[in-house]
Structures are given as C-alpha cells and as structure tokens.
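Have a look at the structure below before the remarks.
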Amino acid sequence: MNEYQEKFFKYLALIQENSVENTMCNFKCDDEKIRSMLYDATYNAITDIMEMLDGYSSFSESKLDIINKETKVMLKENPFIELHDQTEEYLRYD
C-alpha cells in the first residue's frame, strides 16, 4: 500500500473513531454493548461505500476511483487495491 492509500484509510479510521465517540458523548452513554454496535454499524457503512466505489453495488455500473486533483494520483493505483478489501485492516468492528 502506498502513502496516499495508507493516509486515506487512516483518515477513515479517524472518522469512524470520532463518529462513535461523539455519538457516545452526545447521548451520555458509556455502555460497551452500544459502543460495539456503533463500531459495527460504522464499519459496515464505510465498507459498503468502498464496495460501491469498487463497483460491487447496484449503484455503480463500473468501478470508480478517487483522484487527488492536485497531484492526479489515483487512490486505487500503484499498487492497485480494492478499497473494500482494506477496511478490515484499518477500521474497528466488534
């Protein structure tokens, strides 16, 4: 995995972490079962979005990519990766 790809997935993990923790705080909840459910829900949602970008959904009839507009670097290239295959390594699920 290249630096751009790793940075992308680390940021997705940060988004997941912030979403779970903010929700727990907003609802003044410290129940670990609910925290676990939130991690699972966010993991599934993010993975489904990655599958959509990879072309494995009824939404996209072809594979999509994310391109850095400044550098023209494509997220899924050099090396080629399937985005949904990477979520397990970076995102939390219980």
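The values are calculated or read from the model by the stated rules, or taken from the named source; none is laboratory data. In this text, all values refer to a predicted model and were calculated from it rather than measured experimentally. For neighbour counting, all protein chains shown are included, and Cβ atoms are generated from backbone atoms with ideal geometry for every residue, glycine included. Just the protein is used for accessible areas: all its heavy atoms, side chains included, with ligands, DNA and RNA removed. Shrake-Rupley method; radii C 1.70, N 1.55, O 1.52, S 1.80 Å.
The table for this structure:
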{"quantity": "Sole residue being in contact with a Gly (Cβ under 9 Å, 6 or more places away or on another chain) and closer than 18 Å to Leu12 by Cα, chosen from Leu38, Leu64", "calculated": "Leu64"}
{"quantity": "Residue within segment 79-94 that is more than 17 Å from the chain's Cα centre (by Cα) and touching a residue at least 40 places away in the same chain (Cβ under 8 Å) present", "calculated": "yes"}
{"quantity": "Matching entry among Tyr56, Tyr39 (being closer than 27 Å to Lys76 by Cα, modelled with pLDDT under 95 and under 16 Å from the mean Cα position of the chain (by Cα))", "calculated": "Tyr56"}
{"quantity": "Residue list for segment 43-57, restricted to those being part of a helix (DSSP H, G or I) and open to solvent by 30 Å² or more (accessible area, probe 1.4 Å)", "calculated": "Tyr43, Asn44, Ala45, Asp48, Ile49, Glu51, Met52"}
{"quantity": "In segment 59-94, the residues that are part of a helix (DSSP H, G or I) and either modelled with pLDDT under 95 or surrounded by fewer than 12 Cβ atoms within 10 Å (Cβ to Cβ) (or both)", "calculated": "Glu88, Glu89"}
{"quantity": "Qualifying residue in segment 14-24 (condition: over 11 Å from the mean Cα position of the chain (by Cα) and under 15 Å from His84 (Cβ atoms))", "calculated": "no"}
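Rundown of residues vs (1) in contact (Cβ under 8 Å) with a residue 60 or more places away in the chain; (2) out of contact with any helix residue (DSSP H, G or I) (no Cβ under 6 Å at 6 or more places or on another chain), yes/no style:
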| position | (1), (2) |
| --- | --- |
| Phe27 | no, yes |
| Asp40 | no, yes |
| Asn44 | no, yes |
| Asp48 | no, yes |
| Phe59 | no, no |
| Val73 | yes, no |
